[in-house]
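The values are calculated or read from the model by the stated rules, or taken from the named source; none is laboratory data. Please read all numbers here as calculations on a predicted model, not as lab measurements. Quick reminder, even Gly has a Cβ in these numbers, built from the backbone with ideal geometry, and neighbours come from all protein chains shown. Accessible surface is based on the protein model in full, side chains and every heavy atom, while ligands, DNA and RNA are left aside. Shrake-Rupley method; radii C 1.70, N 1.55, O 1.52, S 1.80 Å.
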Amino acid sequence: MVLENKFDLGFFPTPLHKLKNLSEQYKGYDIYIKRDDQTGLASGGNKTRKLEYLIQEAINNNCDTVITGGAQQSNHCRQTAAACVVAGLECDLVLGGNEPKIFNGNILLSHLLGAKIHFSAENRRGEDMNLLKHELKSKGKKPYMIPYGGSNGTGAMGFVNAVKELQNQLIKQDIIVEYIFFASSSGGTLAGLTLGKELYGLSAELIPINIDKIEIHGSGLEEKILKIIQDGKKLLNLNRNYSSDDIKLIRNYDKSGYGVIRQNEKNAINELAINEGILLDPVYSGRAFYGMMDFLKNEKIPLNSTVLFWHTGGLSAIFEYATSLK
Ligand SMILES: *Cc1c(COP(=O)(O)O)cnc(C)c1O
């Protein structure tokens, strides 16, 4: 079975618990959090789930090197670097921008984890990975390429599996969740949750808060995510038909652009920190948490609902944004 074909990298299940103080304050809502900031792989995050399947595929294909790419503060690249160490693979990262004088946050961690870092100037979404693949091949390497954000059908299996994990916890703790909020960017998380929802009969509505307003490779983000769902569907032999109407990205909070920290993100980080002692990152989980709080404050979902915030990690990027946060 495709879901069992994975390489263990994280500590699962990640905790699921109530945000007691915020649930007190937001009368009419019960608020829970799923702690994928605690997946355990070199400071955790949602990419660990995808990498369990992607790294297994690299091993199955007899590859010796993994290539992936992203922004300099990519959590995905940092977790990939760590995963490669665990699996005994080399790791080549293609990161946007030019080499910085000081390595901080995720790029520092990727460096410490032994990844070979290549800089690709204005291309911050791994556009130059193919070039590097050819170069490494010509040197006799067997590279395995992981797409931007680890988002393809194989990577999405991590979040199909995550739905099963969540369902077990909900049953054990006797909770019925009606809405699940989370940060969505390259779409693998959303694709996996969408498929898992179908496979395991999860009734909760997914509310993906879109992070990056720029479309990927010119095509609409919804189509891109639909493609990941279709590929994942094939792997799972699922029968349901999907269209772009099934992908309801909330685009109200992405206007300031990727990695631009404004008052929204600061407010969200502050609110969760001082009420619950839990830290968010400014790029993804901070923006998504702001979105959720906005939904609750303005009663955009019915009162007396139970909501879940899926914390996708990212804290190691926060130090790079120190000057925007204090
Ligand atoms: C990558 C990432 C996301 C978005 O996940 P996608 O599967 O790319 O949509 C959300 N939060 C954090 C912290 C991330 O690193």
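Expressed in nm to one decimal, what extension gain is obtained for the pair His17 and Asn275 from 0.36 nm per residue of sequence separation less their Cα-Cα distance?
Between His17 and Asn275, full extension yields an extra 91.4 nm.
With the contact rule set at Cα under 8 Å and sequence spacing of 6 or more, what percent relative contact order holds for the range 47-150?
About 37 percent, as a whole number.
How much FRET efficiency would the formula 1/(1 + (r/R0)^6) give for Tyr200 and Lys101, where r is the Cβ-Cβ distance and R0 is 35 Å, rounded to 0.05?
About 0.15, to the nearest 0.05.
Measuring from a point 7 Å past the Cα of Asn304 along Cα-to-C-beta, which residues in the range 1-42 have an amide N at less than 18 Å?
Those under the cut-off are 24, 26-31.
Report, to the nearest whole %, how much of the accessible area of the range 148-278 belongs to carbon and sulfur atoms, 1.4 Å probe, protein only.
Heavy-atom surface of the range 148-278 belonging to carbon and sulfur, 1.4 Å probe: 46 percent.
Whole-Hz ³J(HN,Hα) for each residue in the range 246-255, computed from phi via Karplus 6.51 cos²θ - 1.76 cosθ + 1.60 with θ = phi - 60°, x for glycine and proline: what do you get?
Taking θ as phi minus 60°, the curve returns 7, 10, 10, 5, 8, 9, 6, 10, 9, 4 Hz for the range 246-255.
Measure nothing fancy, just the Cα-based angle from helix 47-60's long axis to the longest principal axis of the chain, in degrees from 0 to 90, nearest 10.
Approximately 30 degrees, to the nearest ten.
When only Cα pairs under 8 Å and 6 or more residues apart are kept, what is the percent relative contact order across the chain?
Relative contact order for the chain comes out at 21 percent.
Per residue, how much accessible area does the range 47-150 show when a 1.4 Å probe rolls over the protein heavy atoms, in square angstrom?
41
Restricting to Cα pairs below 8 Å that are 6+ residues apart, what does the relative contact order work out to for the range 175-274? Please round to a whole percent.
31
Please compute the length gained on full extension between Asn239 and Asn130, using 0.36 nm multiplied by the number of residues separating them and subtracting their Cα-Cα distance.
Difference between extended and current length: 35.9 nm.
Output wanted: per-residue J couplings in Hz (rounded whole) for the range 306-312, from phi through Karplus 6.51 cos²θ - 1.76 cosθ + 1.60, θ = phi - 60°, x for Gly and Pro.
The phi angles translate into 9, 10, 10, 9, 8, 6, 9 Hz.
Translational diffusion coefficient, Stokes-Einstein: compute it for the chain using the Kirkwood radius over C-alpha pairs as Rh, at 10 °C and 1.306 mPa s, and state it as an integer in µm² s⁻¹.
In µm²/s, the coefficient rounds to 80.
Grab the beta carbon distance between Val86 and Ser138, set R0 = 25 Å, and tell me the FRET efficiency rounded to 0.05.
0.35
Mind checking the dipole of the range 122-239: about its Cα centre, +1 per Lys or Arg Cβ, -1 per Asp or Glu Cβ, Debye to the nearest 20?
Here the range 122-239 has a charge dipole of around 660 debye.
Please compute the net charge surrounding Thr80, taking Lys and Arg as +1 and Asp and Glu as -1 over other residues with Cβ under 11 Å from its Cβ.
Residues close to Thr80 contribute a combined charge of +2.
Angle between the Cα long axis of helix 188-200 and the longest principal axis of the chain, 0 to 90 degrees, nearest 10?
The angle comes out at about 60 degrees.
Please state the charge dipole magnitude for the range 47-150, taken about the Cα centre, from unit charges on C-beta atoms (+1 on K and R, -1 on D and E), reported in debye and rounded to the nearest 20.
100
Report, by chain and number, residues whose modeled amide H sits under 5 Å from the one on Val66, excluding near sequence neighbours (fewer than 5 apart, same chain).
Glu90, Cys91, Asp92, Tyr144
Would you mind checking Lys47/Lys300; Lys18/Lys197; Lys47/Lys197; Lys50/Lys233 for any pair whose Cα atoms are more than 26 angstrom apart?
Lys47/Lys300
Rolling a 1.4 angstrom probe over the protein heavy atoms, how many square angstrom per residue are accessible across the range 233-326?
With the other protein chains kept in place, the range 233-326 gives 48 Å² per residue.
What is the extension gain from Leu3 to Lys255, computed as 0.36 nm multiplied by their sequence separation minus the C-alpha to C-alpha distance, in nm to one decimal?
Length difference between fully extended and current span is 87.1 nm.
What residues have an amide H closer than 5 Å to that of Lys213, excluding those fewer than 5 places away on the same chain, when H is modeled at 1.01 Å from N in the peptide plane?
When sequence neighbours closer than 5 places are left aside, the close amide H contacts are Gly257, Tyr258.
Kirkwood hydrodynamic radius for the range 47-150: how many Å is it when counted over pairs of different Cα atoms?
13.2
What FRET efficiency, computed as 1/(1 + (r/R0)^6) with R0 = 22 Å and r the Cβ-Cβ distance, is obtained for Gln25 and Ala322, rounded to the nearest 0.05?
0.20
Any idea what angle helix 221-236 forms with the longest principal axis of the chain, computed on alpha-carbon atoms, 0 to 90 degrees, nearest 10?
Rounded to the nearest ten degrees, it is 80.
Per the chain: cysteines with no other Cys C-beta under 4.7 angstrom?
By the Cβ distance rule, which asks for a partner under 4.7 Å, the isolated cysteines are Cys63, Cys77.
So who's got an amide H within less than 5 Å of the one on Ile175, skipping anything under 5 residues away but keeping other chains? H placed 1.01 Å off N, in plane.
So Ile175 has HN proximity to no qualifying residue.
Which is the longest part of the chain that has none of the GluC sites (Glu not before Pro) sitting in a DSSP loop with at most 12 other Cβ atoms within 10 Å?
After excluding every exposed loop site, the longest remaining stretch is 1-121.
Taking only DSSP H segments of four or more residues, each worth -39500 (n - 2.57), what value at 222 nm results for the chain once the sum is divided by all its residues, to the nearest 500 deg cm²/dmol?
-12500 deg cm²/dmol
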